[in-house]
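Some notes on the structure that comes next.
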């Protein structure tokens, strides 16, 4: 049976704090909150944010920034060979609309940085690591007993004391040895080397509390354009996922062969004479919609995702990716 879809897993690390706002304000600890999972209350980067950033940046790489929009006003011939349109689709309000070939899942937190007496550590749960393709071992055996995490934390940190604090929480440390075996695609990556001996595994009950208690909170004030000074009463606070947080997300490519259409292999940028015919070559050839998505992801390391990118927020780096 022919393969009807392809699935690629991406691992990201935040280089800056990341703020994906809800678009609402509330009375509480902060005015402008970030997006969270409904069931767990754990912050995330929505797939829609990744999709928008990837499309916008891939369009820049291709030399056709107008392709970052819906493309609803282009005629059918101008849509035919465009890899951006083929990958992400167009507006479907008329008969020339075209469905995209990829779907991007929300980027979920994989490792979350927290300060402790032993310096920074990266917190996760055995369930999250297993879902992302990592293997957790205790004294060489796979898995952690379900009930043991209610009473202790496990860590790969070389810490001799019986307890360890995670922010304001002071927890008992298990005396067993923890190892986290990573997928081969991130082996020997400098980012992984810097955290693999500083991982802490906690229960799912605690993880949400630890994450939400250690988010970055900043204060800003609106500036009056006439005076150049702070506006009276315009002070506001907002939260962000801290830098060095790790995320994971899956991208599914459904490159169906509709009316015998196939992805146009692309080595050159766009030109006015026609798609894929520019003199400037792409940094890497595009042979599938996944290549287009990945090229957009790579620019998020420099241009960011989410809000407040002009204030030093939003840069995330693609550490590794592999086919599932």
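Which residue pairs have Cβ atoms under 9 Å apart, sit 6 or more places apart or on different chains, and have a first residue in region 76-89 that is assigned by TED's automatic domain parsing to the domain that holds residue 252 and farther than 16 Å from residue 53 by Cα and a second that is at pLDDT below 90 and in a strand (DSSP E or B)?
As it stands, the answer is 78/274; 81/274, since those pairs meet every condition given.
Going by what's in this entry, would residue 265 be described as under 30 Å from the mean Cα position of the chain (by Cα), free of Cβ contacts under 8 Å to residues at least 24 places away in the same chain and in the same structural domain as residue 100 (by TED's automatic domain parsing)? Break it down stepwise before answering.
Values: under 30 Å from the mean Cα position of the chain (by Cα): yes; free of Cβ contacts under 8 Å to residues at least 24 places away in the same chain: yes; in the same structural domain as residue 100 (by TED's automatic domain parsing): yes.
Yes, satisfied.
Does residue 131 count as outside the structural domain of residue 294 (by TED's automatic domain parsing), in contact with a strand residue (DSSP E or B) (Cβ under 7 Å, 6 or more places away or on another chain), farther than 30 Å from residue 60 by Cβ and modelled with pLDDT of 90 or more?
Working: outside the structural domain of residue 294 (by TED's automatic domain parsing): yes; in contact with a strand residue (DSSP E or B) (Cβ under 7 Å, 6 or more places away or on another chain): no; farther than 30 Å from residue 60 by Cβ: yes; modelled with pLDDT of 90 or more: yes.
When the stated conditions are applied, residue 131 does not pass them.
Suppose the filter is in the same structural domain as residue 311 (by TED's automatic domain parsing), touching a helix residue (DSSP H, G or I) at 6+ places or on another chain (Cβ under 7 Å) and either closer than 26 Å to residue 307 by Cα or loosely packed, with under 15 Cβ neighbours inside 10 Å (or both); does residue 204 pass it?
No, not satisfied.
Could you check region 203-258 and list, in sequence order, the residues that are closer than 30 Å to residue 169 by Cβ, under 16 Å from the mean Cα position of the chain (by Cα) and in a strand (DSSP E or B)?
Result: 240, 241, 246, 247, 248, 249.
Within region 307-316, does at least one residue satisfy the condition of being assigned to a loop (DSSP other than H, G, I, E, B), in the same structural domain as residue 31 (by TED's automatic domain parsing), within 30 Å of residue 123 (Cβ to Cβ) and modelled with pLDDT under 90?
Yes, because at least one residue in region 307-316 is assigned to a loop (DSSP other than H, G, I, E, B), in the same structural domain as residue 31 (by TED's automatic domain parsing), within 30 Å of residue 123 (Cβ to Cβ) and modelled with pLDDT under 90.
If I filter region 275-293 down to residues being in contact (Cβ under 8 Å) with a residue 40 or more places away in the chain and not in a loop (DSSP other than H, G, I, E, B), which single residue comes out as surrounded by the fewest Cβ atoms within 10 Å (Cβ to Cβ)?
283
Just to be sure before I move on: is residue 231 closer than 22 Å to residue 56 by Cα and modelled with pLDDT under 80 in the structure I sent?
On the way: closer than 22 Å to residue 56 by Cα: no; modelled with pLDDT under 80: yes.
Answer is no for this residue.
The values are calculated or read from the model by the stated rules, or taken from the named source; none is laboratory data. In this text the structure is predicted, and so the values were computed from the model without any measurement. Every residue, glycine among them, receives a Cβ derived from its backbone with ideal geometry; neighbour counts consider all protein chains shown.
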